[in-house]
Amino acid sequence: MTITRTSPLLPLEGGFNLRDMGGYVAAGGRTVKCGMLFRSGVMSLLTAADEAHLAGLGIATVCDLRREGERRREPTRWCEEAGVFYWSRNYEESSGVLSELMRAGMPSAEAVHQMMVDLYPEILVDHKPSYRFLFERLAAGHVPLLFNCSAGKDRTGVAAALILSVLEVPRETIVEDYLLTNQLADFGRIMAKGGGEYERYRQVDSSVLRPLFAADPAYLDAMFTSLDRDHGGIDGYLDEIGVDTRVKARLQELLLA
């Protein structure tokens, strides 16, 4: 991975996969600015000190990609007090919701893995409105911007891949950024918390859960394959969500050093 910084993880006691996307080297030797783009999982475990730290980063926008039920169970509390613009969307699609994948009862780890591979092309479709809004906020200069889902790897991972693609970060680096979840996300701590959907996960064999919680290159490959097969490539999909050549140039000027 070509990068110009150390660990991207923010120094937060209750953060979950909450990291700065800055430091990646893009085409032409330019670098993604630090302190401008943040990706995260659930933020309900943040301490008061954590929330104060985030407020001090000057974040202007938080785009919460979770469904209404997820937000209700694990609320993000710090934005209102910090004066941060907080956006979310109510929707019925099941993509990115771990409990939905387990509802039918999975017979094997292989079946769960295949369901995750099938999920990523669906995310591109289900979350077009969310990704459109996210890019609109970026292009309008409402930064720094943080976006999150529950695990910070599926809906968030696709969003991160799209943003880094716009910034012309190499595909290899995009994949490695995605795979950092395997090092930085402590799902054991979330599971230990218990309650809600986590209780049913504790009753499932860990080998079956492993592909559910993993960031797997095959998942992101399925997304890129779908972009080429179903959307006319990355540029075709970006056009669908309002990111044309002018917007891309604006984002590169804003987010690259």
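Please indicate, with yes or no, whether at least one residue in the stretch 98-114 is modelled with pLDDT of 95 or more and more than 21 Å from Arg71 (Cβ to Cβ). Within the stretch 98-114, none of the residues are modelled with pLDDT of 95 or more and more than 21 Å from Arg71 (Cβ to Cβ). On inspection, Ala160 qualifies as in contact with a Lys or Arg (Cβ under 6 Å, 6 or more places away or on another chain) and either of a type outside the set (Asp, Glu) or in contact (Cβ under 8 Å) with a residue 12 or more places away in the chain (or both).
Any residue that is buried (at least 20 other Cβ atoms within 10 Å of the Cβ), touching a helix residue (DSSP H, G or I) at 6+ places or on another chain (Cβ under 6 Å) and not in a strand (DSSP E or B) - is there at least one of those in the stretch 40-53? Among the residues of the stretch 40-53, not one is buried (at least 20 other Cβ atoms within 10 Å of the Cβ), touching a helix residue (DSSP H, G or I) at 6+ places or on another chain (Cβ under 6 Å) and not in a strand (DSSP E or B), which makes the answer no. Filter the stretch 234-257 for residues that are assigned to a helix (DSSP H, G or I) and among the β-branched types (Val, Ile, Thr); which is farthest from Met36 (Cα to Cα)? Here the answer is Ile234. Restricting attention to the stretch 19-32 and to residues that are in contact (Cβ under 8 Å) with a residue 60 or more places away in the chain and surrounded by fewer than 19 Cβ atoms within 10 Å (Cβ to Cβ), the residue that is nearest to the chain's Cα centre (by Cα) turns out to be Val25.
Residues of the stretch 13-40 that are under 14 Å from Asn148 (Cα atoms) and touching a Cys at 6+ places or on another chain (Cβ under 7 Å): Asp20 alone.
The values are calculated or read from the model by the stated rules, or taken from the named source; none is laboratory data. Source: prediction; values computed, not measured. Methodologically, a virtual Cβ is constructed for each residue, glycine included, from the backbone with ideal geometry; neighbour enumeration extends over all protein chains shown.
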